[in-house]
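Worksheet for the structure shown next.
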Amino acid sequence: MHSRKNAKRLPEVKALDVAVKLIWGQFDPYINVAVAERRKSQLKQAPLTVVPAGHWLQIDEPEQVAAAILSEAWKTAGKCGGCERVRASEASIRVDHR
């Protein structure tokens with residue numbers, strides 16, 4: 001039932017013209033990365049960062065989630081104002097920008 005309700009809203013999602021940052025757990029057993037990639041394709045401005053974590057990625061990898069939120073790409077896009085750059089191991093974070 002929920003998926004039908006959500007599907008009805010896809011035209012609204014596709015019409016959004018705001019930046020949305022997707023941060024996803026690579027090993028999420030409930031909502032896999034394919035869902036994130038599908039959601040990304042439905043948004044106009046949606047970089048996707050995949051963190052090596054499960055469903056609760058903000059608990060599993062808080063530093064990497066914070067780094068993704070405050071990433072240089074987000075600052076460059078003007079979405080983060082004057083926030084400080086947070087560094088994280090780029091080897092463990094995959095960022096897929098449009």
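The values are calculated or read from the model by the stated rules, or taken from the named source; none is laboratory data. All figures in this text were calculated on a predicted structure; none of them were measured in a lab. Neighbour counts are summed over all protein chains in view; Cβ atoms, including those assigned to glycine, are modelled from backbone coordinates with ideal geometry.
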Exercise. Tell me, please, whether a residue that is modelled with pLDDT of 90 or more, assigned to a helix (DSSP H, G or I) and not aromatic (F, W, Y) can be found in the range 47-57.
Key: yes
Quiz prompt | Leading residue by the ranking (farthest from E12 (Cα to Cα)) among those in the range 44-60 that are in contact with a strand residue (DSSP E or B) (Cβ under 8 Å, 6 or more places away or on another chain) and hydrophobic (A, V, I, L, M, F, W, C) | solution = A53
Quiz item: Which pairs have Cβ atoms under 9 Å, sit 6 or more apart or on different chains, and link a residue in the range 15-32 that is over 16 Å from E61 (Cβ atoms) and among the hydrophobic types (A, V, I, L, M, F, W, C) to one that is surrounded by 13 or more Cβ atoms within 10 Å (Cβ to Cβ) and at pLDDT 95 or above?
Solution: I31/W24; I31/G25; I31/H55
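So which residues in the range 14-34 are surrounded by 13 or more Cβ atoms within 10 Å (Cβ to Cβ), closer than 22 Å to H55 by Cβ and among the aliphatic types (A, V, I, L, M)?
Here is the first cut: in the range 14-34, the residues surrounded by 13 or more Cβ atoms within 10 Å (Cβ to Cβ) are 16, 19-28, 32-33.
Pick out the ones that are also closer than 22 Å to H55 by Cβ and you get 20-28, 32-33.
V20, L22, I23, V33 - these are the residues of the range 14-34 that are surrounded by 13 or more Cβ atoms within 10 Å (Cβ to Cβ), closer than 22 Å to H55 by Cβ and among the aliphatic types (A, V, I, L, M).
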